[in-house]
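> To start, I am sharing the structure in question, which I have written as structure tokens.
FYI, it's all coordinate maths here, none of it is from the lab. All values reported here derive from a predicted model rather than from experimental measurement. No Cβ is skipped: glycine too gets one built from the backbone with ideal geometry, and neighbour counts run over all protein chains shown.
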Amino acid sequence: MSRVIVFAILSAFLLFSCTSKTEKTPKGIEHVVVIGVDGMSPDGIRKAETPRMDEMIKNGAATMNARAVLPSSSSPNWASMIMGADTEHHGITSNGWEKFDHQLPPVVATENGTFPTIFTLFKDQQSDAHVGAIYDWDGFGRLFEKSDVDFDIDGDHEDKTAQAAVEYIKKNTPKFTFVHLDHVDHAGHAQGHGTPDYYKSVEKADALIAKIVDATKEAGIFEKTMFIVSSDHGGLGFGHGGESMAEMEIPFILYGAGIKKGYQIKETVYQYDNAPTVAYAMGLITPQAWIGRPVKGAFIGNKAPKLIYKRRAQITQPKILPDAGYFEPAGGIFKADSVAVVMQNPNNSGEIRYTLGNIVPTLENSQVYLDTFYVKETSIINAGVFQEGKLVSTVTEGNFRVVPESKEDPVQFKIYQVKGIEKLPDFSSLISMLASYATEFSHKQPLSIDRPQEQVAVVFESYLDILEDGKYTFYTNSDDGSKLYVNGAEIVDNDGDHGVRERSGSLQLAKGKHLVRVEYFNGGGGFHLDVKYKGPNTPKQIIPANHLYREK
């Protein structure tokens, strides 16, 4: 056989092999509608009356274990949803991000200077497609290029936003529509996640989703439309931005054309998988810079992926009482000779084992919790649920700060009212509205219910007694911004409008008392501040009041 014939046969074989592996676009999908509900958690869908979403889950594909990106704040997550990438790729790391005012540049950029979005892909690859973005929060509108969409409107209210989406779909029968609803997040910040008002807001979201879906029926495109319903983050208490499962887990629902019915999505789904799933459904080529993957197992004709590593059944961590709130360890500050420590196991099996000190409990270093016990000095307690001799839950931390009843409050604070505050102000030009003393660096005493809690800034100062020379790390965990100074030098910069977020900084300190200054502000909604440190022979903990003093 001649070399020419062999080469021709080989070429034909390779061509056939490559062609047979070419990814095919799912059949029957001509339109896609993504509906994102700000702040809607899986808990909200489970506990609210949501007949339309329930029907979509029953006759579509869904998971309540999709995961947001960090931080669990709005801008980073909406960006990841439409950009198919994480925060370190697109550079939108906080709600303070602006196109021409940010620190981390995107790894790649369009000619307009922004990371490519799903809207960009439609513009570049299907220029004749009608694409619209309708959103309730004006901050969403800054995350994409206006030139990439044919219809762009800030609805300014959930009802107006939904109605604008309905009218847009009926008039234009667009290829791709993105709808953002914001009112559930408002309920979470104002009334609290998991409250009756929060669940009512989820029920309203369900009704608005129903209107948008029904609009595709009236427009005659329902049978050819795929829907995605998801969220940017969940929430805890009155806020979000942290790493708890309540904040990080989000719903992901696929429904309509091309989607299997009653399919439970067991594969992992991340925030940045949303845009690639849209791209897969519509035959768009995704950029190399995107890291997200389409949720292929949910599409008709595709097999469910084989999962070597599967999601672990969640064992609830033990509860340590007293509870100190949503964003700090259990325990608290106590002016007493001793404090009772109570633990509870929320699971039907297993035992609680705990350690004193900042040590992860193991079978060898821990003791079994049997009944209430007492601590007489500032203590850190770590506890976990053990089954068959193994730690099977995450660890719960308790931080009990015990000080004598006679000790005067050592932290001076001053409160300032600042309208329109979005970052820490220049306090030298402000006049305080109140000055007093608190037990520790915390939002709890300055922002008590009888004082202003929004559009306020607070300055704390106290002398911290360092017991030995060495390197010390300080942490502020705050919503919104904060900074920490030691002896006048800035050590921690956690400024800006953001959810609960921890930042740190370190320095060498000599034994003795050092002036610690913490600046903090809350623009609106939920708020929180706690301040921690660690050093030689000092485990990471909230700075205890028994080491703080008014004077040097």
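> Return the distance in nm (one decimal) between the two label points of a simple spin-label model at Glu55 and Ser147, each offset 7 Å from Cα along Cα→Cβ.
For Glu55 paired with Ser147, the spin-label model returns 4.2 nm.
> Return one quarter of the surface area of the convex hull spanned by the alpha-carbon atoms of segment 411-549, equal to its mean projected area, in nm².
7.5
> What does the charge add up to near Asp480, with Lys and Arg as +1, Asp and Glu as -1, over the other residues with Cβ less than 11 Å from its Cβ?
Residues close to Asp480 contribute a combined charge of -3.
> What number do you get for segment 143-216 when its Cα radius of gyration is normalised by 2.2 N^0.38 Å, N = residues?
Taking N as the residue count of segment 143-216, the ratio is 1.23.
> Now for a different question. How long are the semi-axes of the equivalent ellipsoid of segment 380-430, defined as square roots of 5 times the Cα gyration tensor eigenvalues? Whole Å, largest first.
So the three semi-axes of segment 380-430 are 42, 22, 6 Å.
> Given H placed on each backbone N at 1.01 Å, which residues far from Ile359 in sequence or on other chains put an amide H within less than 5 Å of it?
The list, which skips near neighbours in sequence, is Asn382.
> Right, here's the next one. On the first, second and third principal axes, largest extent first, how far apart are the outermost C-alpha atoms of segment 451-491 in Å?
Here the spans come out as 40, 16, 16 Å, largest first.
> What's the local net charge at Gly262, with K and R +1, D and E -1, over the other residues with C-beta under 15 Å away?
Local net charge: +2.
> Scan around Ile491 for amide H atoms under 5 Å from its own, H built in the peptide plane at 1.01 Å from N, and keep only partners 5 or more places away or cross-chain.
Those lying under 5 Å, H to H, from Ile491 are Leu484, Tyr485, Val486.
> Could you state the number of Å between the C-alpha centres of segment 247-261 and segment 339-414?
Each part's Cα centre sits 39 Å from the other's.
> Can you compute 3J(HN,Hα) from phi for each residue in segment 481-496, using the Karplus curve 6.51 cos²θ - 1.76 cosθ + 1.60 with θ = phi - 60°, rounded to whole Hz and x for Gly and Pro?
Using θ = phi - 60°, the values come out as x, 7, 9, 10, 10, 10, 6, x, 9, 6, 10, 10, 10, 10, 6, x Hz.
> Can you give the helix-only mean residue ellipticity at 222 nm for the chain, where every DSSP H stretch with n ≥ 4 adds -39500 (n - 2.57) and the sum goes over all residues, rounded to the nearest 500 deg cm²/dmol?
One gets -6000 deg cm²/dmol as the mean residue ellipticity at 222 nm.
> Along segment 409-414, what does the Karplus equation 6.51 cos²θ - 1.76 cosθ + 1.60 (θ = phi - 60°) give for ³J(HN,Hα), rounded to whole Hz, x for Gly and Pro?
4, x, 9, 7, 9, 10
> Mind ordering 334-342, 213-221 by average Cβ neighbours within 10 Å, highest first?
Answer by packing, highest mean first, reads 213-221, 334-342.
> Only loop residues by DSSP count here, and only those with at most 12 other Cβ atoms within 10 Å; note down the chymotrypsin sites (Phe, Trp or Tyr not before Pro) in segment 72-107 that meet that.
Passing both the DSSP loop test and the Cβ count: Phe100.
> A further question on this structure: log₁₀ I(q)/I(0) of the chain at q = 0.11 Å⁻¹, via Debye over equal Cα point scatterers, no solvent, to two decimals?
At q = 0.11 Å⁻¹ the computed log10 ratios are -1.05.
> What number, in nm² with one decimal, is the all-direction average of the projected area of the convex hull of the alpha-carbon atoms of segment 31-298?
Averaged projected area of segment 31-298's Cα convex hull equals 12.2 nm².
> If you look at just the Cα atoms of segment 202-347, how large are its Rg and its Dmax in Å?
Calculated on Cα positions, Rg and Dmax stand at 21.3, 73 Å.
> Dividing the convex hull volume of the Cα atoms of segment 326-427 by its residue count, what figure in Å³ per residue is obtained?
158
> Could you check what % of the DSSP bridge pairs in the chain are antiparallel, to the nearest 5?
Percent antiparallel among DSSP bridges in the chain is about 75.
> I need the phi-derived Karplus couplings for segment 82-96: 6.51 cos²θ - 1.76 cosθ + 1.60, θ = phi - 60°, integer Hz, Gly and Pro marked x.
My calculation for segment 82-96 gives 9, 10, x, 8, 9, 4, 6, 8, 8, x, 8, 9, 7, 6, x Hz in order.
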